[in-house]
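Engineer: I have a structure here, written as structure tokens, and I will follow up with some questions on it.
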Amino acid sequence: MAAMTMCPRCGSTFLQPLRCEAKGSDVVVVELRCPDCMTWLKAPHTRADMRELDRRQAEFRGEIVAQYEKLVAESMEALADCWGRALELDLVGADDFVVTQIRDGRSGPR
């Protein structure tokens, strides 16, 4: 048994374990899903294979979080630039933040 490291259909390395069932002292049957092509796989793996899968998932999670944080920072910088430009051009005033009644009785920005 070899660790499933790649989707046989599309080649993605982002396999997600969905369910597992112990079938012996060192064998676990694992159901995996490929998020890229939505293929589902079910195969026996050793506990060592599962530790490797866990390690790889932690590594990928770190990559995803780092990319997310980078994109959030870029988005915030772009919004700050737009806000600064709008203030420079006097396009924003106090009346843009007035809270008014909405038809259903809730209050909200105008």
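No value in this document is a laboratory result; all are computed from the given coordinates. Predicted model, so just to flag it, every value in this text is computed and none were measured. Because the Cβ atoms are built from the backbone with ideal geometry, glycine has one as well, and the counts that use them run over all protein chains shown.
Engineer: Go over the candidates 90, 81, 104, 96 one by one and state the one that is farther than 30 Å from residue 35 by Cβ and in contact (Cβ under 8 Å) with a residue 12 or more places away in the chain. Lay out the reasoning, then the answer.
Structural biologist: Details: 90 fails: in contact (Cβ under 8 Å) with a residue 12 or more places away in the chain; 81 fails: in contact (Cβ under 8 Å) with a residue 12 or more places away in the chain; 104 fails: in contact (Cβ under 8 Å) with a residue 12 or more places away in the chain.
The unique qualifying residue is 96.
Engineer: Confirm whether residue 69 is exposed (fewer than 10 other Cβ atoms within 10 Å of the Cβ) and either free of Cβ contacts under 8 Å to residues at least 12 places away in the same chain or of a type in the set (D, E, K, R) (or both).
Structural biologist: no
Engineer: Here is a further query. With the condition kept exactly as written, say whether any residue in the range 27-36 is of a type in the set (D, E, K, R) and assigned to a helix (DSSP H, G or I).
Structural biologist: No; the residues of the range 27-36 include none that is of a type in the set (D, E, K, R) and assigned to a helix (DSSP H, G or I).
Engineer: I would also like to ask the following. Of the conditions (1) assigned to a helix (DSSP H, G or I); (2) exposed (fewer than 10 other Cβ atoms within 10 Å of the Cβ); (3) not hydrophobic (A, V, I, L, M, F, W, C), residue 57 fails just one. Which one is it?
Structural biologist: Looking at each condition in turn, residue 57 falls short on (2).
Engineer: So which residues in the range 1-46 are among the aromatic types (Phe, Trp, Tyr) and either farther than 19 Å from residue 58 by Cα or loosely packed, with under 13 Cβ neighbours inside 10 Å (or both), if there are any at all?
Structural biologist: Within the range 1-46, 40 is the sole residue that qualifies.
Engineer: Now, a different point. Got a sec? Which of 25, 12 is over 19 Å from the mean Cα position of the chain (by Cα) and of a type outside the set (Lys, Arg)?
Structural biologist: 25
Engineer: Check 85, 103 and return the single one that is part of a helix (DSSP H, G or I), among the basic types (Lys, Arg) and over 30 Å from residue 14 (Cα atoms).
Structural biologist: Details: 103 fails: part of a helix (DSSP H, G or I).
One residue alone meets the criteria, 85.
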